[in-house]
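Following: one structure in structure tokens, then a few remarks.
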Amino acid sequence: LLKYQHPQMKESDIPHWTKLRDEILTKAAEAEAKLSDHLKGIPGQILITFDAWTSSAYDPYLAITA
């Protein structure tokens with residue numbers, strides 16, 4: 001799909017899936033650490049809930065409440 005959109009693109013321009021995975025995991029860990037540090041400074045307790053579902057049209061949804 002990328003090569004179709006950009007015919008001048010070479011195979012070497014497309015990152016390997018493991019590189020993408022590693023970058024995503026690194027960014028997620030950084031975001032988690034930043035959020036954790038932020039929440040530590042808030043007095044009291046915070047409860048976080050998650051709910052995920054799929055609509056009848058197969059659209060995915062994720063709700064997060066705190």
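The values are calculated or read from the model by the stated rules, or taken from the named source; none is laboratory data. On a predicted model such as this, the values are computed, not experimentally measured, just so you know. Glycine gets a Cβ as well: all are built from the backbone with ideal geometry, and neighbour counts include every protein chain shown.
Things to note:
- Taken over region 17-47, the criterion of being part of a helix (DSSP H, G or I), exposed (fewer than 10 other Cβ atoms within 10 Å of the Cβ) and of a type in the set (Gly, Ala, Ser) is satisfied by Ser36 alone.
- Filter pass, Ser56 being loosely packed, with under 10 Cβ neighbours inside 10 Å, among the polar types (S, T, N, Q) and assigned to a loop (DSSP other than H, G, I, E, B): yes
- Of all residues making up region 21-53, the number that are modelled with pLDDT under 95 and either closer than 26 Å to Leu1 by Cα or touching a Cys at 6+ places or on another chain (Cβ under 9 Å) (or both): 0
- All positions within region 46-66 that are of a type in the set (A, V, I, L, M) and either within 17 Å of Ser36 (Cα to Cα) or in contact with a Ser or Thr (Cβ under 6 Å, 6 or more places away or on another chain) (or both): Ile46, Leu47, Ile48, Ile64, Ala66
- Of all residues in region 28-53, those that are within 14 Å of Ile64 (Cβ to Cβ) have Cβ atoms under 6 Å from Cβ atoms of residues that are modelled with pLDDT under 90, 6 or more apart or on another chain, in Ile46/Ala66; Ile48/Ala66.
- Being modelled with pLDDT of 95 or more and over 14 Å from the mean Cα position of the chain (by Cα) is true of Ser56.
- Just one of (1) in a loop (DSSP other than H, G, I, E, B); (2) surrounded by fewer than 10 Cβ atoms within 10 Å (Cβ to Cβ) fails for Phe50. It is (1).
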